[in-house]
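Visitor: One structure, pasted below without further comment.
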Amino acid sequence: MTRTQLVMANWKQQGSEPALTQWLSEVSVPDLAELSRVLCVPLPYLAALRQQRAALQSAVLAGAQQVSAWTGGAYTGEVSAAMLREFGVAYTLVGHSERRQWLLETADSRRAQLAALWQQGITPVLCVGETAVQHQQGQTVDVLWQQLAEVLGPQPAPGPLVLAYEPVFAIGSGQPLSAPDAQQVHQKLRQLLQQWYSAADCQQIRILYGGSVNSNNAAEYLRYPDIDGVLVGSGSLQADSFNALCLTVQSAIRERQVAQI
Ligand code: PGA
């Protein structure tokens, strides 16, 4: 297993600059060799994040929650992938269900966002997930297939990808999908990705689980072979609980590594 496991904090439209400074100084302390940590902040905090990361020599990577579908020009309010790169952004969420629902982001715009990010060497974290009704009706795999196909298109994908599987009903509800159920979906997603990537590349693609993950349940997910990390919303806002979450994830990764020897 060569995939570096990933824990992504998604602050959504929350936080403040002082909170960021404090969070980063507390979170940068534990030295966690087995996993990468990414913080996705609201766009105005990217400058402070860049500055604080440098000052603390922090291993926490910078992430964004959105990017413009256009590479530049007269698009008031938009922020391009090139601008994100200027601020050291390494990963950017694309197609989070909250943006699909409230900002009405379309598949066309998600496709353009991926292209813009790849052009700038930023890794997109493509979010997919079914609704409660689709889940109850057994449509999960069909829905995920459609969500991948409409964004990745008919051709092989030209750049690196991280997938985040987030069942919509699990986000912010305190009702996470169980880890064994998530593993089944992740395994299927890895198979589906062979439409766009070679079998060997599919083994390198990280698939994160997201939806009501916290420091009590995070490690459970990492015990499963196709779950390569977690995307965490409310459980990431406080530095101490995020640290606790990362430490339990690290122990789970170590146990998994020992079991594989
Ligand atoms: P949650 O959010 O952890 O608060 O459920 C996850 C997400 O939306 O990425």
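The values are calculated or read from the model by the stated rules, or taken from the named source; none is laboratory data. It should be emphasised that the depicted structure is a prediction, and the values quoted were computed from it without experimental measurement. Using ideal geometry, Cβ is built from the backbone for each residue, glycine included, and neighbour counts are taken over all protein chains shown. Note: areas computed on protein heavy atoms with side chains; ligands, DNA, RNA excluded. Shrake-Rupley method; radii C 1.70, N 1.55, O 1.52, S 1.80 Å.
Visitor: Hey, how much of the P(r) for segment 22-85 falls beyond 20 Å, as a percent of Cα pairs?
Guide: On the way: 702 of 2016 pairs.
The share of Cα pairs beyond 20 Å in segment 22-85 comes to 35 percent.
Visitor: Using only C-alpha positions, report the orientation-averaged shadow area of the convex hull of segment 125-218, nm², one decimal.
Guide: Working: hull surface 24.2 nm².
Computing the convex hull of the Cα atoms and averaging its projections yields 6.0 nm².
Visitor: Continuing with this model, one more query. Between the alpha-carbon centers of segment 5-78 and segment 166-229, tell me the distance in whole angstrom.
Guide: Taking the Cα centre of segment 166-229 as reference, the centre of segment 5-78 is 22 Å away.
Visitor: Further question on the same structure: When only the heavy atoms of the protein chains count and the probe is 1.4 Å, how do 86, 26, 166 rank by accessible area, highest first? List each step's numbers first, then the result.
Guide: Values: 86 125, 26 75, 166 15 Å².
The most accessible residue leads, giving 86, 26, 166.
Visitor: Taking all protein chains in place and a 1.4 Å probe, what share, in percent, of the accessible surface of the chain do carbon and sulfur account for? Walk me through the numbers before you get to the answer.
Guide: Details: 5940 of 11830 Å².
Here it works out to 50 percent.
Visitor: Could I ask something else about it? Could you tell me what a quarter of the Cα convex hull surface of the chain works out to, in nm² with one decimal place?
Guide: On the way: hull surface 53.0 nm².
Value for the chain: 13.2 nm².
Visitor: Any idea what the alpha-carbon Rg over 2.2 N^0.38 Å comes to for segment 171-261?
Guide: Details: Rg = 13.7 Å, N = 91, 2.2 N^0.38 = 12.2 Å.
Here the Cα radius of gyration is 1.12 times the empirical estimate.
Visitor: Give me the accessible area of residue 140, 1.4 Å probe, in Å² rounded to the nearest 10.
Guide: The accessible area comes out at roughly 20 Å².
Visitor: With only alpha-carbon atoms in the gyration tensor, what are the semi-axes of the equivalent ellipsoid for segment 21-147, in Å, largest first?
Guide: Values: eigenvalues 162, 82, 29 Å².
Its equivalent ellipsoid spans semi-axes of 28, 20, 12 Å.
Visitor: Residues in segment 25-63 near a label at residue 247, defined as backbone nitrogen under 11 Å from the 7 Å Cα→Cβ point?
Guide: Under 11 Å, as judged by backbone N against the label point of residue 247, lie 30-31 of segment 25-63.
Visitor: Nearest 500 deg cm²/dmol is fine: what mean residue ellipticity at 222 nm does the chain get from its DSSP H runs of n ≥ 4 alone, each adding -39,500 (n - 2.57), divided by its residue count? Write down the numbers at each step before the final one.
Guide: Details: 11 runs with 112 residues, N = 261.
Mean residue ellipticity at 222 nm (helix-derived): -12500 deg cm²/dmol.
Visitor: Starting from the residue with the highest accessible area, list 70, 102 in decreasing order, probe 1.4 Å. Mind dumping the intermediate values first?
Guide: On the way: 70 120, 102 180 Å².
Ranking 70, 102 by accessible area, largest first, yields 102, 70.
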